[in-house]
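Please see the structure below; I have some questions.
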Amino acid sequence: MKNKAIVIFIALLMILISPMATAASEKDPDKHQDITLNVMTFNIHAGIGSDGLYDIDHTAETIRSSGADVIGLQEVDVNWGYRSNFQDQVEYLAEKLDMHAFFAPIYNQDPLNEEDPRRKYGLAVLSKYPIINSENHEITRLSTQDAVPEPSPAPGFPGVTLNVKGVNVSFYVTHLDYRGDPYIREMQVNDMLSIISEQKNTFLVGDMNATPGAPELNPLFNRFKDAWTEAGSGDGYTYPESSPEKRIDYIFTSQDLSPTNTQVIDTEASDHLPVMTEVLLTREID
């Protein structure tokens, strides 16, 4: 009888616990599910559209309508100059889109008037998910602000760690040298690869100012997956916006990720077309 009573007690206890477990599961239904992440790269041309007019709201709407979760931005102005009304574009876009942001200036200059904020130009990350770590790394650059520039380390290579529903994601944004001679880009690629640790859930996005056949980009193709090669359809041309004839904007991922549904987004908000891809992040289940 004693053993029978114990069995009955355990059975009743399991009946009581079962609804509690179900409720906990329903409270956090995606606790053990994989996560779809939409990643974008966008050279925003300081908010100047293909019509030559400044319209940062057009930039914001392009991002919003795309459904992107994490965006790497290039050619971003923060109180920089008249072309963008001395606006802090990072702060404006973050508030407009309700996103977290990190800005990595390449240039940080004195204001035109002493009482004004400093003038900055560079790259940025926008994210629907919290940024838990961030750094403005240095890579080799040939300054556009010096009369006689020399190759030297300079900031403007942002790297952040995101908490995407409990999954840590490493996200880097770059803008490589635009000049015809590739030697600066060669150095920049080497610099970036030495900075980016070899770990899973890693993205490198940006304007590489070189087409896929450029030898200086080979180390990137060797180490990472190219989202367009993996899941794009067509030529993937992104520049110039009015009549695209080059693919120079890229999303690279670590080898553990499998990009899907990579697309070039049609917009007149910039002289570049943004690129977006969908990636499934796998949760580590204890």
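The values are calculated or read from the model by the stated rules, or taken from the named source; none is laboratory data. None of these values were measured; they are calculated from a predicted model. Cβ placement follows ideal geometry from the backbone for every residue including glycine, while neighbour counts extend to all protein chains displayed. Accessible surface is based on the protein model in full, side chains and every heavy atom, while ligands, DNA and RNA are left aside. Shrake-Rupley method; radii C 1.70, N 1.55, O 1.52, S 1.80 Å.
Considering only region 109-131, state which residues are without any contact (Cβ under 8 Å) to a residue 60 or more places away in the chain, over 10 Å from Trp80 (Cβ atoms) and surrounded by 13 or more Cβ atoms within 10 Å (Cβ to Cβ).
Of everything in region 109-131, those that are without any contact (Cβ under 8 Å) to a residue 60 or more places away in the chain, over 10 Å from Trp80 (Cβ atoms) and surrounded by 13 or more Cβ atoms within 10 Å (Cβ to Cβ) turn out to be Ala124, Val125, Ser127, Lys128, Ile131.
Across region 42-91, what is the number of residues that are part of a helix (DSSP H, G or I), charged (D, E, K, R) and without any contact (Cβ under 8 Å) to a residue 60 or more places away in the chain?
If we filter region 42-91 for residues that are part of a helix (DSSP H, G or I), which is where we start, we get 45-47, 56-66, 82-84, 89-91.
Still in the running and charged (D, E, K, R): 57, 61, 64, 83, 91.
Among the residues that remain, those that are also without any contact (Cβ under 8 Å) to a residue 60 or more places away in the chain are: 57, 64, 83, 91.
Matching residues across region 42-91 total 4.
Spot the failing condition for Ser254; the list is (1) within 30 Å of Ser197 (Cβ to Cβ); (2) in contact with a Gly (Cβ under 7 Å, 6 or more places away or on another chain), and only one is missed.
In the conditions (1) within 30 Å of Ser197 (Cβ to Cβ); (2) in contact with a Gly (Cβ under 7 Å, 6 or more places away or on another chain), Ser254 misses (2) alone.
Would it be correct to say that Phe102 is modelled with pLDDT of 95 or more, open to solvent by less than 10 Å² (accessible area, probe 1.4 Å) and aromatic (Phe, Trp, Tyr)?
Details: modelled with pLDDT of 95 or more: yes; open to solvent by less than 10 Å² (accessible area, probe 1.4 Å): no; aromatic (Phe, Trp, Tyr): yes.
Spelling it out, it is not the case that Phe102 is modelled with pLDDT of 95 or more, open to solvent by less than 10 Å² (accessible area, probe 1.4 Å) and aromatic (Phe, Trp, Tyr).
With a cut-off of at least 2 residues that are closer than 23 Å to Gln263 by Cα and modelled with pLDDT of 95 or more, name the helices (runs of 4 or more DSSP H) lying wholly within region 181-235.
In region 181-235, 218-223, 227-231 are the helices (runs of 4 or more DSSP H) which contain 2 or more residues that are closer than 23 Å to Gln263 by Cα and modelled with pLDDT of 95 or more.
Looking only at region 141-176, which residues are open to solvent by less than 10 Å² (accessible area, probe 1.4 Å) and not in a strand (DSSP E or B)?
Passing the criteria: only Leu176.
Suppose we filter Lys200, Lys246 for residues that are more than 27 Å from Phe102 (Cβ to Cβ), open to solvent by 40 Å² or more (accessible area, probe 1.4 Å) and in contact with a Ser or Thr (Cβ under 6 Å, 6 or more places away or on another chain); which single one remains?
Lys246
Moving to a separate point now. Within region 42-56, restricting attention to residues that are farther than 25 Å from Val160 by Cβ and out of contact with any Asp or Glu (no Cβ under 6 Å at 6 or more places or on another chain), which residue is surrounded by the fewest Cβ atoms within 10 Å (Cβ to Cβ)?
If we take residues in region 42-56 being farther than 25 Å from Val160 by Cβ and out of contact with any Asp or Glu (no Cβ under 6 Å at 6 or more places or on another chain), then Gly52 is surrounded by the fewest Cβ atoms within 10 Å (Cβ to Cβ).
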